């Protein structure tokens with residue numbers, strides 16, 4: 001009888017261990033999302049892929065759309081959200097849900113949204129085929145100048161990333177990178193949208 005109880009107890013322990021391991025595995029992406037915040041990336045001085053710092057200015061003059069038209073001038077006290085992409089990047093392909101949500105929210109609050117490429121391994125044609133699926137044609141821009149004329153921090157910036165800039169190209173907020181886990185991408189989208197709307201309110 002004691003042996004039978006021991007076997008039942010051992011079997012129960014195995015089942016409980018498997019159940020706990022399964023729950024931890026399922027909960028891990030949600031725990032990662034709960035912990036995520038762009039601020040920790042921004043404050044880490046050793047990270048080289050986080051892009052330009054707030055207050056730095058991005059040169060926009062050599063960005064051209066599919067028709068060869070230059071990046072548009074916008075009115076004073078305007079904000080623009082740049083989604084920096086490369087079709088050859090697997091993470092860009094994975095993160096279309098993040099990008100589409102940000103685009104939709106930005107445009108619904110009258111924040112101009114553009115898909116851009118400053119330093120890309122993809123051809124112009126490949127970039128525009130990809131970018132025009134993410135936003136209206138005419139809202140995607142490819143850098144036509146030399147790579148050396150791109151701000152060094154932009155050359156190192158991971159893709160996909162997002163930059164909130166003003167009408168002069170000054171960086172207001174930077175949102176570097178994406179994530180494999182969908183819950184983390186959802187948290188990223190919420191933070192990007194929240195900080196974009198906060199910055200827009202501060203303009204007024």
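Since every read-out is calculated from the coordinates, none of them should be taken as a lab result. Bear in mind that the values here come from a model prediction, so they are computed numbers and not experimental data. Note that each Cβ is placed from the backbone with ideal geometry, even for glycine, and that neighbours are counted across all protein chains shown.
Each row is one residue, and each column tells you yes or no for (1) more than 20 Å from residue 128 (Cα to Cα); (2) in contact (Cβ under 8 Å) with a residue 12 or more places away in the chain; (3) in contact with a helix residue (DSSP H, G or I) (Cβ under 9 Å, 6 or more places away or on another chain).
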{"site": "143", "(1), (2), (3)": "no, yes, yes"}
{"site": "149", "(1), (2), (3)": "yes, yes, no"}
{"site": "152", "(1), (2), (3)": "yes, no, no"}
{"site": "156", "(1), (2), (3)": "yes, yes, no"}
{"site": "163", "(1), (2), (3)": "no, yes, yes"}
{"site": "166", "(1), (2), (3)": "yes, yes, yes"}
{"site": "178", "(1), (2), (3)": "yes, yes, yes"}
{"site": "192", "(1), (2), (3)": "yes, yes, yes"}
{"site": "198", "(1), (2), (3)": "yes, no, no"}
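The set of residues in the range 177-197 that are touching a strand residue (DSSP E or B) at 6+ places or on another chain (Cβ under 9 Å) and either farther than 20 Å from residue 96 by Cα or assigned to a helix (DSSP H, G or I) (or both) comprises 188, 191, 192, 195, 196.
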